[in-house]
Amino acid sequence: MDAGRGLSGRSPDGVSRDAAYTVLTRLALAGLILATDVVLARVLGPAPKGSFALILLFSQLGALVLGLGMDKALGVIAGRSREDARRGFANALLWTLLAGGFGVVAVLALYHGANGPAAADPAGPLAALLPNVSGNQFLFGALALPAEMFFAIGLLGLLGRRRVGAYNTIRLLRRAVLLLLFVAVAAVARLSLDAALLINLLSLGVAALAVLVVASREQVLAVEPNAVLLGEQVRFGLRSVFGTLAERLQFRADAFLVNLLLGLTATGVYSVAAGLAETLWYVPNALGVVMFSRAVSRGSDAAGVASALTRSTLALAVVLSVPVALLAPFLVETVYGSEFIAAAFALQALLPGVVAYSVVAILSQYVVGRGSPGAYTVVLLLGLATNLAANLVLIPALGIIGAAVASSLSYGLTALLTVAIFRRISGQGLRETLLLTRADLAAGAAAVVAVRARLLRTRPTSATSL
């Protein structure tokens, strides 16, 4: 695919329709996440909201470490054949049970320390990392580890089978259940922090069950593990997990550092800024989902698709960031309340880096999907190092604004390095990767029409079909 063609023309794998459909569902997901965030902010207040954010971050990071890259490995393997997908899913189930169960026990021991759970004050290293979280709240985070693991691994397995619709629907389901239960409990009783954490566990369980149902219908659900394939999955996972962990820490280390240096209230306020800024990533992440499902398929023009998706999403991110930056103080105070007004200025400082990083969501999927996670891992480790160093300098000096500036700097560096890696692997030029064309605009409009027709269960006309 050349730059002029963009995403136009009928492709055998329907990439434009999948891209447009995924973007629409991700916009719905963004709405659910924003609504959930507002409910928590209004009902709990800054400090408990900070605790909730930290517990979720911890369980997600712990699941990532224990998963050992099994999610990306299953995605790549599931794309090869149905039989490989069946054996890969069986290995994923075994890994979740063993590693997830071990993780629950291990993190509780690391939290309570030598004195055990009966002691009044936890003395373990994880208690020092999360000094403002109670033992009961930490228990909810530990119990979420296996479910977070299987949710992440199973979704990537479905994506490897090109079940893009199911992938997006299950993500929507999890957030919809979370929001509905929050609102229901708040309407009839007091929504406490512990209740919110319990509801999070329930929503994870529903989403994991949905993954199992779809995998069964796809005929890739099995329970007999395969040692040879497991070894391949672990080897691939080890090559990708450190990069994924570095990326996640680059996004989330600032929240832990804000908690350690400024306290829970500042953490709760900063979580609003980070959450709002990351809504600009929902379109890039949606297109990254489509990109990964194509990159693992060797017969597709993955490099051309990556370039077309990247230049489209970068242009959209730039356009969307302008009103967000201008309206941030008004929106934050109106929606979240005056207690969170400082989040608006942190949001403005985050936006330049968030816009730059939008290209990473797509190009990284190409790099990993083409079997080169090692180079991308180096890029992410450099970005993480920059993030940590800048945060340690800027948070004491500027508070949450410093955390935002540090993240923006590290996101920009990571984006530049990722583009360089992509150019080396794919041979695509800067112009065809970063600059939008008229053909892209026409293809985007046609894709929206095709998705609308699909949702209405009608067939697109020949003038707009892809």
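The values are calculated or read from the model by the stated rules, or taken from the named source; none is laboratory data. Bear in mind that the values here come from a model prediction, so they are computed numbers and not experimental data. Here Cβ is always computed from backbone atoms with ideal geometry, including for glycine, and neighbour counts include all displayed protein chains.
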Would you confirm whether any residue within the range 120-131 is in contact with a Ser or Thr (Cβ under 6 Å, 6 or more places away or on another chain) and either surrounded by 23 or more Cβ atoms within 10 Å (Cβ to Cβ) or of a type outside the set (Lys, Arg) (or both)?
-> no
Tally of residues being of a type in the set (Gly, Ala, Ser) and without any contact (Cβ under 8 Å) to a residue 24 or more places away in the chain across the range 329-363 = 1
Name every residue in the range 33-59 that is over 17 Å from LEU201 (Cβ atoms), surrounded by 20 or more Cβ atoms within 10 Å (Cβ to Cβ) and of a type in the set (Gly, Ala, Ser), in order of residue number.
-> ALA41, GLY50
Can you name every residue in the range 181-198 that is surrounded by 15 or more Cβ atoms within 10 Å (Cβ to Cβ) and small (Gly, Ala, Ser)?
-> ALA186, ALA195, ALA196
Given (1) surrounded by 23 or more Cβ atoms within 10 Å (Cβ to Cβ); (2) without any contact (Cβ under 8 Å) to a residue 40 or more places away in the chain; (3) within 22 Å of the chain's Cα centre (by Cα), number of the condition GLY402 does not satisfy | (3)
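Residues are listed down the side, and each one gets a yes or a no for (1) within 19 Å of ALA439 (Cα to Cα); (2) modelled with pLDDT of 80 or more:
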{"site": "GLU278", "(1), (2)": "no, yes"}
{"site": "TYR282", "(1), (2)": "no, no"}
{"site": "ARG298", "(1), (2)": "no, no"}
{"site": "VAL319", "(1), (2)": "yes, yes"}
